[in-house]
Amino acid sequence: MPEASPAVLILGIGNLLWADEGFGVRTVEELHRHFRFPDGVRLLDGGTQGIYLVQHIREADILVVFDAVDYGLPPGTLKLVEGDDVPKFLGVKKVSLHQTGFQEVLAMAEMLGNYPRHLLLIGVQPVELEDYGGSLRPQVKAQIVPAMAAALRFLEHHGIRAVARAIPLPEDATISTPETIMRHYEDGRPCAEDALRIGDARLLADGRWRGPDDFEAEIGRILATVDMEGAG
């Protein structure tokens with residue numbers, strides 16, 4: 001009886017809202033647009049779902065992860081890490097909370113007795129993270145194609161062969177949501193005067209925003225609205 005084909009998960013993780021943090025998601029999107037994969041291969045935009053990814057990890061025999069990782073290398077550097085070293089690199093220098101979460105996902109999958117036999121992390125050293133609403137910097141965007149090539153080589157080594165699409169899928173054939181298509185995301189960004197760039201510190205200091213006078217009352221109002229909508 002022939003051996004069953006391995007279950008493969010190709011996962012992009014990261015937060016599109018913080019510039020180069022979106023590298024993993026953008027790379028898996030492009031891989032989906034440019035290549036067809038055999039049955040048993042799943043491409044997933046994991047975003048910042050963290051622990052909610054554990055079941056997907058448990059089902060994978062082969063796992064490829066794209067992510068922005070602070071390796072302490074020159075900005076824009078691509079680095080591949082395999083096997084047991086992957087969790088170590090995801091936690092040495094965190095660029096965001098999702099990396100700690102993904103370490104925990106891997107640990108939980110192992111604890112539950114379902115851990116990928118083969119694991120590859122394809123990470124890029126970010127150039128810029130403190131840019132809320134920003135897109136990938138050119139040095140990081142330039143690593144998308146090399147990152148895809150590295151993933152394809154790794155998969156082929158394990159007997160998984162992708163086929164290049166004669167015509168790439170249109171941008172709106174996304175594995176994510178239409179609102180986050182890179183072209184829309186970049187072209188529709190407001191100017192810096194209208195859209196805060198660096199997050200909470202600037203937001204809280206900006207006179208155009210103020211929190212509710214009674215926080216507890218506001219939470220109660222929101223919950224009551226949700227309850228009414230659920231009852232309807």
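Key figures for this structure:
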| quantity | calculated |
| --- | --- |
| Residues of region 1-28 that turn out to be surrounded by fewer than 24 Cβ atoms within 10 Å (Cβ to Cβ), charged (D, E, K, R) and assigned by TED's automatic domain parsing to the domain that holds residue 178, as a count | 0 |
| Enumerated strands (runs of 3 or more DSSP E) restricted to region 40-90, each holding at least 2 residues that are under 16 Å from residue 110 (Cα atoms) and in the same structural domain as residue 124 (by TED's automatic domain parsing) | 62-68 |
| Those residues of region 143-167 which are within 16 Å of residue 29 (Cβ to Cβ) and assigned to a loop (DSSP other than H, G, I, E, B), in sequence order | 143, 162, 165 |
| Residue count, region 15-38 (criterion: modelled with pLDDT under 90 and in a loop (DSSP other than H, G, I, E, B)) | 3 |
| Residue count for region 114-134, restricted to those that are surrounded by 17 or more Cβ atoms within 10 Å (Cβ to Cβ), in contact with a helix residue (DSSP H, G or I) (Cβ under 6 Å, 6 or more places away or on another chain) and not in a strand (DSSP E or B) | 5 |
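The values are calculated or read from the model by the stated rules, or taken from the named source; none is laboratory data. What you see is a predicted model, and the numbers here were worked out from it, not measured in a lab. Note that each Cβ is placed from the backbone with ideal geometry, even for glycine, and that neighbours are counted across all protein chains shown.
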